[in-house]
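Participant: Below you will find the structure I want to go over with you.
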Amino acid sequence: MRQPFMIALSISTPLALGGFIFTPWPAPMPLIIGLCGALLGFSINAICLRPKRQLDIEGEV
């Protein structure tokens, strides 16, 4: 079984870096598209990869 961290990196990195590198040059556009790619990667990872740990809260002190 593959590590979830490596799967998340393999999804997020091409989206963010590809958006930054392959965007035409007028100054703020590569940064904006790269950040949008990072947010898209984060959204895909949040939907597809669920945490394995369970948090049980029993009562407040």
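Participant: Taking the solvent-accessible surface of protein heavy atoms with a 1.4 Å probe, what is the per residue accessible area of the chain in Å²?
Facilitator: For the chain, the solvent-accessible area averages 90 Å² per residue.
Participant: Let me ask something else about it. Taking the 0 to 90 degree range and rounding to the nearest ten, how far is the long axis of helix 29-48 tilted relative to the main principal axis of the chain, both from C-alpha atoms?
Facilitator: Orientation of helix 29-48: about 30 degrees from the principal axis.
Participant: In degrees between 0 and 90, to the nearest 10, how far off the longest principal axis of the chain does helix 4-21 point, with axes built from Cα atoms?
Facilitator: In the chain, helix 4-21 runs at an angle near 20 degrees to the longest axis.
Participant: Hand me the chymotrypsin sites (Phe, Trp or Tyr not before Pro) from the chain located in a DSSP loop with no more than 12 other Cβ atoms within 10 Å, in residue order please.
Facilitator: Passing both the DSSP loop test and the Cβ count: F22.
Participant: Right, another one. Do the sum for the chain: with -39,500 (n - 2.57) for every DSSP H run of n ≥ 4, divided by all residues, what is the mean residue ellipticity at 222 nm, to the nearest 500 deg cm²/dmol?
Facilitator: Helix contribution divided over all residues of the chain: -21500 deg cm²/dmol.
Participant: How fast does the chain diffuse by Stokes-Einstein, in µm²/s, taking the Kirkwood radius from C-alpha pairs at 37 °C and 0.692 mPa s?
Facilitator: It diffuses with D of about 244 µm²/s by this estimate.
Participant: Here is a further query. What is the percent carbon and sulfur in the accessible area of region 11-52, measuring with a 1.4 Å probe over the protein chains and ignoring ligands?
Facilitator: Ligands and nucleic acids excluded, carbon and sulfur reach 84 percent.
Participant: Considering only P14, P30, P51, give the residue with the highest GNM mean-square fluctuation for the chain, with springs between Cα atoms whenever their separation is below 10 Å.
Facilitator: With Cα springs under 10 Å in the chain, the top fluctuation among P14, P30, P51 is at P51.
The values are calculated or read from the model by the stated rules, or taken from the named source; none is laboratory data. Bear in mind the structure is a predicted one, so any value in this text is a computation, not a measurement. Note: ideal-geometry Cβ built from the backbone for every residue, glycine included; neighbour counts use all protein chains shown. Side chains are part of the model used for accessible areas, which takes the heavy atoms of the whole protein and leaves out ligands, DNA and RNA. Shrake-Rupley method; radii C 1.70, N 1.55, O 1.52, S 1.80 Å.
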